[in-house]
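Enquirer: Below is the structure I would like to discuss, written out as structure tokens.
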Amino acid sequence: MVIAHFGRDLVVEDIAGRLHLCSARKKLGRIVCGDRVRWQTSGPEQGVVTAVDARKSLLARPDPRGEERPLAANVDRLIIVCAPEPPLSEALVDRYLVVAELIGAQPLLLVNKSDLLAPAARAHLEERLAAFRQLDYPVLFTSTREGDQVATLMAHLNGHTSILVGQSGVGKSSLVRLLVPDAEIRIGQLSDASGLGKHTTTETTLYHLAGGGDLIDSPGVRDFQLWQATAEDLQRGFRELRDYQGQCRFLDCRHNGEPGCAVAAAIETGHVDTRRLASYRTLLQQALAREKDRYPA
Ligand SMILES: Nc1nc2c(ncn2[C@@H]2O[C@H](COP(=O)(O)OP(=O)(O)OP(=O)(O)O)[C@@H](O)[C@H]2O)c(=O)[nH]1
Ligand SMILES: [Mg+2]
Ligand SMILES: [Zn+2]
């Protein structure tokens, strides 16, 4: 199992738990944390990856040039971490939720640093997040300082491969240190295995949870855009829209102001959240603009 990568160098954990610094043949493409690989020894604690097992899921994000950059493989839980600071962005949460739906990972929304929230501020955030709860997305308030809801979080993680995603500074690595007691040891082993210094673990790293399952820490983002999602992807990625599939006047309705749209009617009755629909429509415009660029008339 690949537990870390530094550029093209991978740290592979064998079945006995030993770590090996491996290179990979270029034709295998990018190999990431969570990948299961076949490898051969090429020296002491060194190896060459020769094949990658089929992935159950692949989480990717765009690199600065807008190219797809795989981040982690085989994750089945996407832990979207927010905090009072930097301020919560529902639109960012929406985009992460789309990705979770598309890769088939169960999302979980965390508001970390809950110790910084006075009761009124917490109530206000609860209100802003109510629409996500309504859609059956679990929402937890956690604190690595006070241990708020950490046991509940652990219960969500046990037995799964989860990845922590979110903006820089929301406390992802702090959560790892809290949930994985031997995290520091692991980081030490990694820097030994990689031959790199202690503070080079800037890329994604996979940790084992004591109770079974794995937890992947990922580097924070400033933003996370859906650079590839199509109109159809968005209709799948906004889970509430699926309920209206086939109920609009037009079979190919995009719920974007068409007459006889069942989603527009659901806004009237309060069954669809106005802010979520506006968010969907913004992403839809971007998707349609991309499609136009790709296939100019
Ligand atoms: N008050 C408070 N501070 C926290 C909590 N969790 C983490 N912090 C602090 O928030 C800062 C950022 O924490 P990190 O864990 O490095 O954040 P990160 O999400 O890993 O950031 P990147 O690696 O840049 O993406 C640190 O100073 C932590 O001590 C918390 O629950 N409460
Ligand atoms: Mg971090
Ligand atoms: Zn419609």
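Enquirer: Please pick out the residue among R77, R95 that is touching a Phe, Trp or Tyr at 6+ places or on another chain (Cβ under 7 Å) and either modelled with pLDDT of 95 or more or within 16 Å of ligand 3 (Cβ to nearest atom) (or both).
Expert: Matching residue, one of R77, R95: R95.
Enquirer: Now, a different point. Quick one: is L175 under 17 Å from R77 (Cα atoms) and either within 16 Å of ligand 3 (Cβ to nearest atom) or part of a helix (DSSP H, G or I) (or both)?
Expert: Considered against the rule, which asks whether it is under 17 Å from R77 (Cα atoms) and either within 16 Å of ligand 3 (Cβ to nearest atom) or part of a helix (DSSP H, G or I) (or both), L175 comes out as yes.
Enquirer: Given S162, S174, S194, S143, which one is more than 16 Å from ligand 1 (Cβ to nearest atom) and assigned by TED's automatic domain parsing to the domain that holds C82?
Expert: Among S162, S174, S194, S143, only S194 is more than 16 Å from ligand 1 (Cβ to nearest atom) and assigned by TED's automatic domain parsing to the domain that holds C82.
Enquirer: OK, next. Within the stretch 258-270, restricting attention to residues that are at pLDDT 95 or above and of a type in the set (G, A, S), which residue is farthest from ligand 2 (Cβ to nearest atom)?
Expert: Of everything passing the filter in the stretch 258-270, G260 is farthest from ligand 2 (Cβ to nearest atom).
Enquirer: Any residue in the stretch 126-154 that's touching a residue at least 24 places away in the same chain (Cβ under 8 Å): show its pairings with residues that are of a type in the set (G, A, S) and part of a helix (DSSP H, G or I) at Cβ separation under 8 Å, as long as the two are six or more apart or on different chains.
Expert: F141/S114; T142/S114; S143/S114; T144/S174; E146/S114; D148/S114; Q149/S114
Enquirer: Right, next: Checking the structure you have, find out if any residue of the stretch 205-218 is exposed (fewer than 15 other Cβ atoms within 10 Å of the Cβ), under 24 Å from G104 (Cα atoms) and within 12 Å of ligand 3 (Cβ to nearest atom).
Expert: Looking for residues that are exposed (fewer than 15 other Cβ atoms within 10 Å of the Cβ), under 24 Å from G104 (Cα atoms) and within 12 Å of ligand 3 (Cβ to nearest atom), one finds none in the stretch 205-218, hence no.
Enquirer: Would you please name the residue that is nearest to ligand 1 (Cβ to nearest atom), looking only at residues in the stretch 244-283 that are small (G, A, S) and in a helix (DSSP H, G or I)?
Expert: This residue is S279.
Enquirer: Restricting the stretch 139-161 to residues that are under 15 Å from P84 (Cα atoms) and hydroxyl-bearing (S, T, Y), which is surrounded by the fewest Cβ atoms within 10 Å (Cβ to Cβ)?
Expert: Checking each candidate, the answer is T144.
Enquirer: Then there is this: For the stretch 268-294, what are the residues that are over 13 Å from A231 (Cβ atoms) and under 21 Å from the mean Cα position of the chain (by Cα)?
Expert: Result: R276, S279.
Enquirer: Of the residues P86, P107, which is under 28 Å from R69 (Cβ atoms) and in a strand (DSSP E or B)?
Expert: Going through P86, P107 in turn, the sole match is P107.
Enquirer: G197: out of contact with any strand residue (DSSP E or B) (no Cβ under 8 Å at 6 or more places or on another chain), modelled with pLDDT under 95, surrounded by fewer than 18 Cβ atoms within 10 Å (Cβ to Cβ) and over 21 Å from G220 (Cβ atoms), yes or no?
Expert: no
Enquirer: Moving on to the next point. Among the residues of the stretch 67-83, which ones are of a type outside the set (D, E) and either assigned to a strand (DSSP E or B) or out of contact with any Lys or Arg (no Cβ under 6 Å at 6 or more places or on another chain) (or both)?
Expert: Within the stretch 67-83, R69, P70, L71, A72, A73, V75, R77, L78, I79, I80, V81, C82 qualify.
Enquirer: Which one of V170, V165 is in a strand (DSSP E or B) and either crowded, with 19+ Cβ neighbours inside 10 Å or aliphatic (A, V, I, L, M) (or both)?
Expert: Matching residue, one of V170, V165: V165.
Enquirer: Let me ask you something else. Working only within the stretch 35-66, note down all residues that are touching a residue at least 24 places away in the same chain (Cβ under 8 Å) and in a strand (DSSP E or B).
Expert: Correct list: V37, W39, Q46, G47, V48, V49, T50, V52, L58, L59, R61, P62.
Enquirer: Among A193, A229, which is the only one that is among the aliphatic types (A, V, I, L, M), closer than 30 Å to H20 by Cα and away from ligand 3 (no atom under 16 Å from the Cβ)?
Expert: A193
The values are calculated or read from the model by the stated rules, or taken from the named source; none is laboratory data. Remember, predicted model here, so these are calculated numbers, not experimental data. Positions of Cβ are generated from backbone atoms using ideal geometry, with glycine treated the same way; all protein chains shown enter the neighbour counts.
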